[in-house]
Ligand code: ADP
Ligand code: MG
């Protein structure tokens, strides 16, 4: 049986967004969802002069500016992730993002000196929040924030909230790879979401995850990158080195309830590696076999419930043990 659906693709948040609603004919609901995403982009984009973030950045070192409650929420959650990850996740990364210009400047590698100058500006502890007046400030001139590692997840959560409030019980939301599902597929079965092979063309999957009512988010060095002299330069920057994060990983996927948290988690894990969530029982890596990590309570994320899939540079797949029944390797 064919299930009826309506769908919408649109550009916002610097990426392509897609929403598909089953058993619903109401286009105005898609309008509402799209408008919410675009409003979030208007508030949070570092590339729009009138956004809260651009105002905050251009006012750095000069005191507070008023921001929307949504922006406040993202700033404060981002700081919590910085604390959890000892600064690996740090939205004051923007001076380095601008310097490297991955995906903007062509194959540009900055000098050690340029990196070190920008790196000094990166410090989440210099974001000052004033809760009672919904204001924020950046302590030092030249400092700037970038919500690229968390805003899409927040927007996905907001789209889901709007759809659920409007009685949608089966839908797929994909905001530039931040995938969020509502309910089950219309035939009652689980959603099947592909895990992209980071080294192959889009749509070539290494595995399939079955899920319902969850978000699945991937961060990887294959989103925006260039390769020079065998080195892959990409858009997830390690605040410690000031350079693209470099470890054994090509991508990290998180499966969780909330997309904002999953977004911050994958960006963080890409920098920290799997040691950040599991220390006690990392199974031996064997070719073509899924390797499960037993999660220990040493996770830097405390008791934030999530599962993760790591793809290493050798295309080995390592997953947390909660995915045993849900992840199928192709
Ligand atoms: P994508 O945007 O491709 O889905 P991510 O969610 O991992 O991938 O976000 C990457 C973006 O996060 C970068 O483009 C940049 O804007 C921002 N970013 C880069 N490094 C960091 C970092 N260490 N902490 C927080 N945000 C970062
Ligand atoms: Mg992210």
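The values are calculated or read from the model by the stated rules, or taken from the named source; none is laboratory data. The model shown is predicted, which means the values in this text are computed figures rather than measured ones. In this analysis, Cβ positions are derived from the backbone assuming ideal geometry, glycine residues included, and neighbour counts consider all displayed protein chains.
Side notes on the structure shown:
- Boolean, residue 186 is within 17 Å of the chain's Cα centre (by Cα) and in contact (Cβ under 8 Å) with a residue 60 or more places away in the chain: no
- Top-ranked residue of segment 260-308 - restricted to ones that are within 15 Å of residue 247 (Cα to Cα) and at pLDDT 90 or above, ranked as surrounded by the fewest Cβ atoms within 10 Å (Cβ to Cβ): 272
- So residue 128, is it within 16 Å of ligand 2 (Cβ to nearest atom), farther than 16 Å from residue 43 by Cβ and in contact with a strand residue (DSSP E or B) (Cβ under 7 Å, 6 or more places away or on another chain): no
- Filtering segment 53-70 for residues that are under 16 Å from the mean Cα position of the chain (by Cα), farther than 23 Å from residue 277 by Cα and assigned to a helix (DSSP H, G or I) leaves an empty set.
- For segment 229-240, filtered to residues that are in contact with a helix residue (DSSP H, G or I) (Cβ under 8 Å, 6 or more places away or on another chain) and under 18 Å from residue 117 (Cα atoms), the residue that is surrounded by the fewest Cβ atoms within 10 Å (Cβ to Cβ) is 238.
- Selection within segment 101-121: residues that are at pLDDT below 95 and touching a strand residue (DSSP E or B) at 6+ places or on another chain (Cβ under 7 Å). The member of this set that is nearest to ligand 2 (Cβ to nearest atom) is 102.
- Filter pass, residue 87 being buried (at least 23 other Cβ atoms within 10 Å of the Cβ) and either under 27 Å from residue 9 (Cα atoms) or within 12 Å of ligand 1 (Cβ to nearest atom) (or both): no
- Test for residue 257: is it surrounded by fewer than 22 Cβ atoms within 10 Å (Cβ to Cβ) and modelled with pLDDT of 90 or more: yes
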